[in-house]
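Structure record follows, encoded as structure tokens.
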Amino acid sequence: MSRYTIDRLSSRIVFAFGVISFVILILIAGFIFRESLPALRNVGLFNILFGTEWYPRYDEYGILTMVVGSVMVTAISLAIALPLSLGTAVLLAEVASPRVRGCVRPAIELLVGIPSVVFGLVGMVALAPLIAELGGSGSGSSVLAASIVLAVMVLPTITSISEDSIRALPRTYREGALALGATHWQTIWRVMVPAARRGITAGTILGTGRAIGETMAMVMVIGNAPIFPDGLLSPARTLTGSIAVEIAAASGTHQSVLFVTGLVLFVMVMIINSASLLAYKKGAH
């Protein structure tokens, strides 16, 4: 078999895999939308999205409190994770010796392989009681506990992409800044990091998608109360948590509304991933 034939066959196989992935995505979206139709007809999209009461027993299906809970936990977790991730990325790309880099990078990558239920278990057993003790009331299962757990979970994603973005910069950036009299730290913070901002932004957006779609750990540490959180120590509920907690016992309109919740989450993640792709492409130019 000639090299030309192998190349054409390989390109067709890759194209087929891409088409299959796209078809699977369309089928998933179509299935979720089909199962959402009864709720969209009987309850209405506006009432579901902007309703503030979640009492399925009394036909109250507002998910706005869970949208707010998801956004709040995601935003706080990113506020915690982004400085840590950026600092770690700079350490690995520009500061650490090969020996230190060889220890820290595998430790960061190891966090990706830990199941989310383990993060949730640690948060429930160790973090939540500590927050309850410091806060002076409640069980500690709160927005703050969920945000800290989630920050640890998204840290390796943002760190890896940010490090790759910094390391991919041309050496002339660093050499030019040093030649002009800049110190090592001035070169890092005023030249290297700003030049890699597109990749860092893409990594942050991907971390956002990872955070907003997390389920099990959030169920274990956030308190699962479908209310508007009035502070960091308040319990809340996320969109994913609502689906995980109630789908097994749901039926009829209740089940269909949970599919609408999944549809809303699906659209949010698609928007976040599309924004990440756009940021990455702009960074490449």
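The values are calculated or read from the model by the stated rules, or taken from the named source; none is laboratory data. Quantities reported herein were computed from a predicted structural model and do not represent experimental measurements. Using ideal geometry, Cβ is built from the backbone for each residue, glycine included, and neighbour counts are taken over all protein chains shown. When the accessible area is computed, the model is the full protein with side chains, heavy atoms only, and any ligands, DNA or RNA have been set aside. Shrake-Rupley method; radii C 1.70, N 1.55, O 1.52, S 1.80 Å.
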- Under the condition of being polar (S, T, N, Q) and surrounded by fewer than 23 Cβ atoms within 10 Å (Cβ to Cβ), which residue from region 137-165 is nearest to Asn224 (Cα to Cα)? Ser139
- Message: Take the conditions part of a helix (DSSP H, G or I), open to solvent by 40 Å² or more (accessible area, probe 1.4 Å) and touching a residue at least 60 places away in the same chain (Cβ under 8 Å) and apply them to Gln255. Does it pass?
- Response: yes
- Between a first residue in region 219-230 that is in contact (Cβ under 8 Å) with a residue 12 or more places away in the chain and in a helix (DSSP H, G or I) and a second residue that is β-branched (Val, Ile, Thr) and open to solvent by 40 Å² or more (accessible area, probe 1.4 Å), which pairs have beta carbons less than 7 Å apart while being 6 or more apart in sequence or on different chains? Val219/Val245
- Report, by residue number, each residue of region 34-72 that is among the hydroxyl-bearing types (Ser, Thr, Tyr) and crowded, with 16+ Cβ neighbours inside 10 Å. Ser36, Tyr61, Thr65, Ser70
- Query: What residue, of Val112, Val104, is open to solvent by 30 Å² or more (accessible area, probe 1.4 Å), touching a residue at least 40 places away in the same chain (Cβ under 8 Å) and under 18 Å from Pro156 (Cα atoms)?
  - Reply: Val112
- Within region 19-31, is there a residue that is out of contact with any His (no Cβ under 7 Å at 6 or more places or on another chain), open to solvent by less than 50 Å² (accessible area, probe 1.4 Å), in contact (Cβ under 8 Å) with a residue 60 or more places away in the chain and closer than 26 Å to Ile247 by Cβ? yes
- Task: Check whether at least one residue in region 260-275 is over 27 Å from Ser141 (Cα atoms), in contact (Cβ under 8 Å) with a residue 60 or more places away in the chain, open to solvent by 40 Å² or more (accessible area, probe 1.4 Å) and not hydrophobic (A, V, I, L, M, F, W, C), and report yes or no.
- Result: yes
- Considering Ala81, Ala75, which residue is of a type outside the set (Ser, Thr, Tyr), open to solvent by 50 Å² or more (accessible area, probe 1.4 Å), modelled with pLDDT of 90 or more and assigned by TED's automatic domain parsing to the domain that holds Ser142? Ala75
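Before we move on, is Ile48 in contact with a strand residue (DSSP E or B) (Cβ under 7 Å, 6 or more places away or on another chain) and within 27 Å of Ile205 (Cβ to Cβ)?
Working: in contact with a strand residue (DSSP E or B) (Cβ under 7 Å, 6 or more places away or on another chain): yes; within 27 Å of Ile205 (Cβ to Cβ): yes.
Answer is yes for this residue.
Look through region 51-70, keep the residues that are assigned to a helix (DSSP H, G or I) and modelled with pLDDT under 90, and return whichever of them is nearest to Ala244 (Cα to Cα). It would help to see each step written out before you state the result.
First pass over region 51-70, keeping only residues assigned to a helix (DSSP H, G or I): 56-58, 64-70.
Imposing the further condition that a residue be modelled with pLDDT under 90 reduces the set to 56-58.
Details: Pro56: 15, Arg57: 18, Tyr58: 20 Å.
Result: Pro56.
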